[in-house]
Amino acid sequence: VKNYLEGVMKANYHSHSYFCDGHGEPEAYYDRAKELGFDAIGMSGHAPLPFETDWTMAPGRLSEYSERIRGLADEDGPEIYLGLEIDYIHGLMSPGDDRPLYRDLDYRIGSVHFLGSDGQRATVDGPLEEMDFLHNEVFGGSSRSLVEAFYAQVRAMIDGGGFDILGHFDLVKKNNRGNRYFNPDDSWYRDAVMQTLETLDGSGVLLEINTGGLSRGTTDSVYPEPWILGEAAKRDIDIVYSADAHRPEHIDFAFDLAEDVARDAGFRSRRILVGGSWRETDLHHS
Ligand SMILES: [Zn+2]
Ligand SMILES: [Zn+2]
């Protein structure tokens, strides 16, 4: 078995415990990170929303969450970081919002899951019915409008700033297996992606290579697609590896693949949060 990170820094900052839709106590994630010899682990529960869902944290649990994560610190174990994955929902909330509840965070992941507006809002990565609803009801049967709206939201989120990691860049592909809604080879799709990379370039926001679709069997490749990573590498956009783990055993899922994909795309380094700051660490040589 290939040991993907022999002698190099190991870390994951995209982890969901039972405080939101993950399976397992924060302690189980920390113990697993310690077992794997991680240098750092970050917990990134789904931030509370202004409306109810079955996958985000209840607002009343945020202080308990914060205390539990802080309490994990162990002198012999990995560094522990307190984060949240915060939704960008146009007109409602942004990952850069200045809220008392976010005051103690070490880092923030900014993600677009929702499209649509009040009364007509649904996620692009939820059950197929939600994507169908968006496609049929909100975007009048136009996949192109839906996808372009998704990337426009991502750009608006990046423009707003105030967060560290861009969550799953091309999440809109999740329900598109077999090109159910759109063909990613179409020029308009590439244009939407390129325009979003231009916005990301120079923003200081890190692009994650997210293996969460692979660990949950919902995608056949990492987020974002390798060709998008190639374009990002040309622009010297910085990357971070993210497991988007919803189980403790997934905190390093397919990180060997992430490393291969990153190197093939042309990256020579990635970022890790250690000692309180985002540092550069070299990719290993194959
Ligand atoms: Zn997410
Ligand atoms: Zn996540």
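The values are calculated or read from the model by the stated rules, or taken from the named source; none is laboratory data. Because the structure is predicted, anything quoted here is derived from the model rather than measured. Ideal geometry is used to build each Cβ from the backbone, glycine not excepted, and the neighbour counts take in all protein chains shown.
Looking only at residues that are assigned to a helix (DSSP H, G or I), closer than 21 Å to L84 by Cα and within 14 Å of ligand 1 (Cβ to nearest atom) in the stretch 173-216, which one is farthest from the chain's Cα centre (by Cα)?
S215
Check S117, S143 and return the single one that is over 20 Å from D236 (Cα atoms), of a type outside the set (D, E, K, R) and in contact with a Phe, Trp or Tyr (Cβ under 6 Å, 6 or more places away or on another chain).
S143
Can you find a residue in the stretch 147-158 that is among the basic types (K, R), more than 19 Å from A265 (Cα to Cα) and in a loop (DSSP other than H, G, I, E, B)?
So the first thing to find is which residues in the stretch 147-158 are among the basic types (K, R), and the list is 155.
From what's left, more than 19 Å from A265 (Cα to Cα): 155.
If we keep only those that are in a loop (DSSP other than H, G, I, E, B) as well, we get none.
Scanning the stretch 147-158, I find no residue that is among the basic types (K, R), more than 19 Å from A265 (Cα to Cα) and in a loop (DSSP other than H, G, I, E, B), so the answer is no.
So G110 fits all but one of (1) without any contact (Cβ under 8 Å) to a residue 60 or more places away in the chain; (2) within 16 Å of ligand 2 (Cβ to nearest atom); what number is the exception?
(1)
Restricted to the stretch 66-92, and to residues that are buried (at least 21 other Cβ atoms within 10 Å of the Cβ) and charged (D, E, K, R), which residue is nearest to P26 (Cα to Cα)?
Once the filter is applied, the top-ranked residue is E85.
Does T281 satisfy the criteria of being of a type in the set (S, T, N, Q), buried (at least 17 other Cβ atoms within 10 Å of the Cβ) and either touching a strand residue (DSSP E or B) at 6+ places or on another chain (Cβ under 9 Å) or outside any strand (DSSP E or B) (or both)?
no
Quick check on my filter: what residues within the stretch 146-173 are more than 25 Å from K234 (Cβ to Cβ) and either buried (at least 21 other Cβ atoms within 10 Å of the Cβ) or hydrophobic (A, V, I, L, M, F, W, C) (or both)?
L146, A149
Which numbered condition trips up E129, out of (1) of a type in the set (D, E); (2) over 22 Å from Y29 (Cα atoms); (3) in contact with a Leu (Cβ under 7 Å, 6 or more places away or on another chain)?
Only one criterion is unmet by E129, namely (3).
If R32 passes every condition in (1) at pLDDT below 95; (2) charged (D, E, K, R); (3) surrounded by 15 or more Cβ atoms within 10 Å (Cβ to Cβ) but one, which one does it miss?
Tallying (1) at pLDDT below 95; (2) charged (D, E, K, R); (3) surrounded by 15 or more Cβ atoms within 10 Å (Cβ to Cβ), R32 fails exactly one: (1).
Just to be sure, is R61 surrounded by fewer than 20 Cβ atoms within 10 Å (Cβ to Cβ) and either modelled with pLDDT under 95 or not in a loop (DSSP other than H, G, I, E, B) (or both)?
Taking the combined requirement at face value, the residue satisfies it.
Determine, yes or no, whether Y65 is within 15 Å of ligand 2 (Cβ to nearest atom), touching a helix residue (DSSP H, G or I) at 6+ places or on another chain (Cβ under 6 Å) and not β-branched (V, I, T).
Considered against the rule, which asks whether it is within 15 Å of ligand 2 (Cβ to nearest atom), touching a helix residue (DSSP H, G or I) at 6+ places or on another chain (Cβ under 6 Å) and not β-branched (V, I, T), Y65 comes out as no.
From the set of residues in the stretch 64-100 that are within 16 Å of ligand 1 (Cβ to nearest atom) and assigned to a strand (DSSP E or B), which is nearest to D244 (Cα to Cα)? Break it down into steps so the answer makes sense when it comes.
Quick first cut of the stretch 64-100, residues within 16 Å of ligand 1 (Cβ to nearest atom) only: 83-89, 93-95.
Now narrow it down to the ones that are assigned to a strand (DSSP E or B): 83-87, 89, 93.
Working: G83: 13, L84: 12, E85: 10, I86: 13, D87: 15, I89: 20, M93: 21 Å.
This residue is E85.
Quick one: is G110 closer than 16 Å to Y241 by Cα, assigned to a strand (DSSP E or B) and modelled with pLDDT of 95 or more?
It is true that G110 is closer than 16 Å to Y241 by Cα, assigned to a strand (DSSP E or B) and modelled with pLDDT of 95 or more.
Given the structure, is R121 basic (K, R) and closer than 30 Å to F139 by Cβ?
For R121, the condition - basic (K, R) and closer than 30 Å to F139 by Cβ - is met.
Quick check on my filter: what residues within the stretch 115-146 are β-branched (V, I, T) and assigned to a helix (DSSP H, G or I)? If you could, list the steps in order and put the result at the bottom.
At the first step, the residues of the stretch 115-146 found to be β-branched (V, I, T) are 123-124, 138.
Once the filter is applied, which keeps residues that are β-branched (V, I, T) and assigned to a helix (DSSP H, G or I), the stretch 115-146 yields only V138.
I'd like the full set of residues that are free of Cβ contacts under 8 Å to residues at least 40 places away in the same chain, within 16 Å of W227 (Cα to Cα) and either of a type in the set (A, V, I, L, M) or within 16 Å of ligand 1 (Cβ to nearest atom) (or both), limited to the stretch 237-266.
Selection gives I239, A265.
I'm trying to understand the selection: among the residues of the stretch 201-224, which are among the hydroxyl-bearing types (S, T, Y) and within 14 Å of ligand 2 (Cβ to nearest atom)?
T211, S215, T218, T219, Y223
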